[in-house]
Amino acid sequence: MAKRVLVSGGAGYIGSHVTVELIAAGYDVVVADNMSNCDMTCFEGVKKITGRDDIPFELTDCCDAAAVDRLFTDYQIDAVIHFAAYKAVGESVAEPIMYYRNNLVSFLNILESAKNHGGCNVLFSSSATVYGEAEDLPVTEQTPRLPATSPYGNTKQICEDILRDVVKATAINDGTDGRGPVKGIALRYFNPIGAHPSALIGELPRGVPNNLVPFITQTAIGKRECLNIFGNDYPTEDGTCLRDYIDIVDLAKAHVAAVSRMIDGKMKEGYEIFNIGTGRPVSVYELVTTFEKVNGVKLAYRFAPRRPGDVVAIWADTSLANEELGWKATRSVEDTLASAWAWEKHLAEK
Ligand code: UDP
């Protein structure tokens, strides 16, 4: 029988791409989402891409412990991928209580049910934000985490620690009273961008986008007047920040590799961490000009003051993921930027 993966937040940007790749790899998927930050566009897209009309969808708020527990009662779940979280840095500074409550309580509920239903494999979506302004680049998983500069970033660090501690504490569980061990992987994403090649699923930011690529595509389509490039006086070659932009489909495939590693009993430790990036730094200016070139569009942009809180440069050493997960980013930044543009045009036609 196919193994089943619960994808919390599975109707969102990353969750929908991961659902597609899990199904392509032969897994059964249960999508749980409270739809607080998305509509059904991506879930409908997932059904079209996979040709599967029968993917179970559960309208569930993961902050509701009883509702989460029902999922584990109703389905035999072999692994959970937990995406259900708020993700806007600025909003988290303004609304810390909302961020801590949502991001921590939802994860605690997942872990508690995972433990009480015989144990489970749990994949947590973490972020390169945990490294802050690292001194040595590229960063490895051993690079020390720096104190978070936003409540959002702090929730990523705290959830990593919670997962580590729960793995440790539950390792002794032998099934008595249904309690089993929890195993965990945290994937630290760098900057996920782009959309599925079908242009049926992609990022759907609400309101004014915070992230660079949605802002670029919305400017190109005419929804925004002009892109602000935040800072051109950084100590980099062209003065703009350096990031590691990882294609969303490549990122989704890393999840399949990590879930298979857990389910197939290939983990070397009960709790593991992997960087998920390309290993290649790209500047904001380079990304903007590549977007223009690849898609044959002229983008209105201007140089603006630095954005508070931005680090100058961060990119991943991905050797561990390459070796242990047998995974590597393959899609070029050109193809990824073409997919982001195709998705924006698809949205405009709807
Ligand atoms: N950025 C920009 N203009 C924008 C949005 C972002 O110049 O409208 C820059 C930002 O300063 C950073 C890079 O693009 O250097 C990536 O920002 P994003 O918010 O996408 O991701 P982050 O790296 O902050 O997680």
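General remarks:
- Taking the criterion of being open to solvent by 10 Å² or more (accessible area, probe 1.4 Å), within 23 Å of TYR13 (Cα to Cα) and hydrophobic (A, V, I, L, M, F, W, C), the residues of the range 220-241 that qualify are ALA220, ILE221.
- Every test in (1) surrounded by 18 or more Cβ atoms within 10 Å (Cβ to Cβ); (2) of a type in the set (A, V, I, L, M, F, W, C); (3) within 11 Å of the ligand (Cβ to nearest atom) is passed by VAL311 save one, and that test is (1).
Here's the yes/no breakdown for (1) in contact with an Asp or Glu (Cβ under 7 Å, 6 or more places away or on another chain); (2) polar (S, T, N, Q); (3) in a loop (DSSP other than H, G, I, E, B):
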site	(1), (2), (3)
LYS293	no, no, no
VAL297	no, no, yes
ASP310	no, no, yes
ASN322	no, yes, no
THR330	yes, yes, yes
THR336	yes, yes, no
SER339	no, yes, no
GLU344	no, no, no
LEU347	no, no, no
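- Number of the condition not met by VAL167 [criteria: (1) in contact with a helix residue (DSSP H, G or I) (Cβ under 6 Å, 6 or more places away or on another chain); (2) of a type outside the set (D, E, K, R); (3) more than 16 Å from the ligand (Cβ to nearest atom)]: (1)
- Restricting ASP177, ASP165 to those that are acidic (Asp, Glu), part of a helix (DSSP H, G or I), over 18 Å from the mean Cα position of the chain (by Cα) and at positive phi reduces the list to ASP177.
- ILE246 vs. criteria crowded, with 17+ Cβ neighbours inside 10 Å, modelled with pLDDT of 95 or more and within 12 Å of the ligand (Cβ to nearest atom): yes
- One residue stands out in the range 25-49 among those that are free of Cβ contacts under 8 Å to residues at least 60 places away in the same chain and more than 28 Å from GLU91 (Cβ to Cβ): the one that is surrounded by the most Cβ atoms within 10 Å (Cβ to Cβ), namely VAL29.
- One residue alone among ASN210, ASN191 is within 9 Å of the ligand (Cβ to nearest atom), under 21 Å from the mean Cα position of the chain (by Cα), at pLDDT below 95 and of a type in the set (S, T, N, Q), and that residue is ASN210.
- Candidates ALA148, ALA128, ALA85, ALA65, filtered to the one that is over 22 Å from GLU21 (Cβ atoms) and either within 16 Å of the ligand (Cβ to nearest atom) or open to solvent by 60 Å² or more (accessible area, probe 1.4 Å) (or both): ALA148
- Elements of type helices (runs of 4 or more DSSP H) in the range 59-156, at least 1 residues being at pLDDT below 95: 89-94
- Candidates LYS266, LYS183, filtered to the one that is open to solvent by 30 Å² or more (accessible area, probe 1.4 Å), more than 16 Å from the ligand (Cβ to nearest atom) and either in contact (Cβ under 8 Å) with a residue 40 or more places away in the chain or touching a Phe, Trp or Tyr at 6+ places or on another chain (Cβ under 8 Å) (or both): LYS183
The values are calculated or read from the model by the stated rules, or taken from the named source; none is laboratory data. These figures come from a predicted structure and were not determined experimentally. With ideal geometry, Cβ positions are generated from the backbone for all residues, glycine too; neighbour counts draw on all protein chains shown. Accessible surface is based on the protein model in full, side chains and every heavy atom, while ligands, DNA and RNA are left aside. Shrake-Rupley method; radii C 1.70, N 1.55, O 1.52, S 1.80 Å.
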